[in-house]
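This report concerns only the one structure given below.
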Amino acid sequence: MVIVGTSQYNYKYGKQIHLPYSVGMLYSYIKSKPELASNFEFEKTFVFRDGIDDDITKSKNLDILLCSCYVWNWKITTHLAKEIKKINPNCLVIFGGPQVPDDTRGFFENYPFVDIIVHGEGEYIIENLFKTFLDDKDWSKVKGISTRSFRTAPQERINSLMDLPSPYLTNQIWDLVDKNSEIDWDTSWETNRGCPYQCTFCDWGSATFTKVRKFEEERLMKEIEWFANNKMRYIDCCDANFGLFEERDKKIAEKLKEQSLEKNFPKKFGVAWAKNTTEKILPIAKELRDGGIIGAISLSVQSLDPTTLKNIIRANIKFDKFSDLTTIFRKNDIPTYTEVIIGLPGETLDSFKNGLETIAQTRIGSFLWNICSVLPNAPMNIPEYKEKFKIKTIPSPIKLRHASLEYIKKDKIHEEEQIVVETYSYTTPELKQMLLYAWAISTYQNLGIFEHFSNYYHQVKNLSYMSFFDILFEYCRTKNSIFSDELKIVEKHFDELFEGKGWDHYDPTLGDVNWPIEEASWLRIVPDKNKLTEESRLFLEFLENKMNYKTPTFVLEDLLKFQVFLLSTKDDVKELKSGIFHFDWKSFFINNSNEPKSYTKKYYFKNMILERDPLKWNYQAVFWGRRALKYKAHPERIFEDKSFLDVTPLETEQKPSHSSNWDL
């Protein structure tokens, strides 16, 4: 019997970690071949990073080690293979997965403990490798591999996915991990394979610019039932373009909704939506919404600069259409988000700010950003491409959003990615400025701290969003405040990033997780409603004086009250939040009006976070609650108390007393 070890290391988030799906697909395929099933015995898959030393010890009698390699497990996987080779030199080490380079120059010199690397889809290749292992071990007969001596012809892609058994429906995934452990297993899932696009920054499982092949519908419906019956909380859909097949994907969404409502599982369906999303996916999103499992609809742009888009071979939907879609989805209570990649070749500081200005005007649900990184098999990693656009990179610890601090502390090996720090179109200092503007849009506009301030001045005074944040930066650098304190933290964070120290940001007052910097900033600024109100008033005074706007005090006080009213704050956990305002701010912001109308209104809405434990509140607000928009209420989501009537004329009311002097 040939003993096979496998690895697919991942990070743990609380009690959650992904099942080893890629290894599971290989295992189920081998088990479906009687000759191979009777000759090869698979051990449990190595999944937990903190078990690396035990994993090495367990491997002294392995005949074969199969390693599934990704950017988040490359260093630990190479460490595993190197150490196993020391104690078990006859073990055949096989690497596969997206992190295995297609360009093998120098690979075997750097990683001499690896015997074979697999290029592309693994099922057919592993089958042929195992057959050859039982035969004469002449690897040159196996397509789709490289060794230190040769590279064979490519293996044809798997056209009929029906040939591949499901590791879920066979229950064989439980052969690879402990089903009865204390872990909440998350599941990866494919409904199709391939991606028709060729964006240069992307390598979607080495399947970019390929024909999309679908798994059969009956299998998918049964797998959804399996997920529900096995209490899978989170389904991580690995499709590059979910929603591409409208009719079929709607049936998938209907089945997910049915199972979630009937069995309370799954809890969430995470997915990369079809590029250039249109309203045609609305019926699909509605099904997921009604099942309570939708994350958010992506309206991703990556960049809005024409030169940059040409350089990365990407075409976006038109801005007008983009803006229309955000409105359509918002009216249907479906969260949306957009993503940008900071530092793409062709981007300049000015073009990036112009792109952020456009995004801010759409009032998208969530705004996410990442610095450009170069993946091994992405077109951006081709030497000629890097030379053409003068791309410079540095190694940096990978970004681990919300990973458990306790778990990471036990991790002896830190994974790295190659982040871009300079191209022909920008310098490193300019890239830092791009990051600062992205952070500001995320924290103050998108997460809502100053959202209605900036919207007000944009609507009434035609002040651009970028000008608004330039004023905020000036304020932070000339006045002491909670906002200036936060800017210092963020600037230091970005300085350390470019020193190669990575994205990790821990604050023991916020909880035992690695926070994205914009979420940590939000959590530090918003907890005290009264302090936030006073500090915001001082900033508005600064802005009014600088721009000589002379907005009446009672207008700004009412706006300030409305802005803070819509934010989730730790010191306000009443089940129903309500407030009386002297202007119809709801209509003003929804209709993008030029002036707020003077009507006394009583607004109310159901508080989205009732948690009183301060650390759990943080998680509910922006860890789990970010895409669900629990950190703030949109004007569309608040209600007006029609029974309330205040006939007191506004002009006879007492002006609010406070310590600031508005320049009127």
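The values are calculated or read from the model by the stated rules, or taken from the named source; none is laboratory data. Predicted model only: the values in this text are computed from it and were never measured. Don't worry about glycine lacking a Cβ; one is built from the backbone with ideal geometry, like all the others, and counts go over all protein chains shown.
Pairing each residue of the stretch 421-440 that is of a type in the set (V, I, T) with any residue that is assigned to a helix (DSSP H, G or I), provided the two are 6+ apart or on different chains, yields C-beta distances under 7 Å for V421/T428; V421/L431; V421/F498; T428/F498. Screening L497 on (1) at pLDDT 95 or above; (2) in contact with a Phe, Trp or Tyr (Cβ under 6 Å, 6 or more places away or on another chain) shows it passes everything except condition (2).
Against the criterion of being within 23 Å of R401 (Cα to Cα) and touching an Asp or Glu at 6+ places or on another chain (Cβ under 9 Å), Q563 does not qualify. The helices (runs of 4 or more DSSP H) falling completely within the stretch 40-119 that include 2 or more residues that are under 24 Å from K137 (Cβ atoms) and in contact with a strand residue (DSSP E or B) (Cβ under 7 Å, 6 or more places away or on another chain) map to 74-87. Checking each residue in the stretch 178-201 for being charged (D, E, K, R) and within 22 Å of the chain's Cα centre (by Cα) picks out D184, D186, E190, R193.
So that you can scan it fast, the table gives a plain yes or no per residue for (1) charged (D, E, K, R); (2) in a helix (DSSP H, G or I); (3) on the phi > 0 side of the Ramachandran plot:
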position	(1), (2), (3)
D333	yes, no, yes
P345	no, no, no
L356	no, yes, no
N370	no, no, no
P376	no, no, no
E387	yes, yes, no
V421	no, no, no
P429	no, yes, no
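Taking each residue of the stretch 446-462 that is within 22 Å of T336 (Cβ to Cβ) and looking for partners that are modelled with pLDDT under 95 and in a helix (DSSP H, G or I) with beta-carbon atoms closer than 8 Å, six or more apart or interchain, yields L447/V622; S454/A360; H458/Q361. Scanning the stretch 502-526 for residues that are in contact (Cβ under 8 Å) with a residue 24 or more places away in the chain, under 23 Å from I394 (Cα atoms) and not in a helix (DSSP H, G or I) turns up G502, W503, D504, Y506, N514, W515, P516. What tally of residues in the stretch 207-229 results from selecting those that are touching a strand residue (DSSP E or B) at 6+ places or on another chain (Cβ under 8 Å) and part of a loop (DSSP other than H, G, I, E, B)? So the answer is 5.
Within the stretch 31-39, identify whether any single residue is surrounded by fewer than 21 Cβ atoms within 10 Å (Cβ to Cβ), farther than 27 Å from L169 by Cα and charged (D, E, K, R), and answer yes or no. No, the stretch 31-39 contains no residue that is surrounded by fewer than 21 Cβ atoms within 10 Å (Cβ to Cβ), farther than 27 Å from L169 by Cα and charged (D, E, K, R). Of all residues in the stretch 133-156, those satisfying the criterion of being crowded, with 16+ Cβ neighbours inside 10 Å and closer than 22 Å to S32 by Cβ are F133, V142, G144, I145, Q155.
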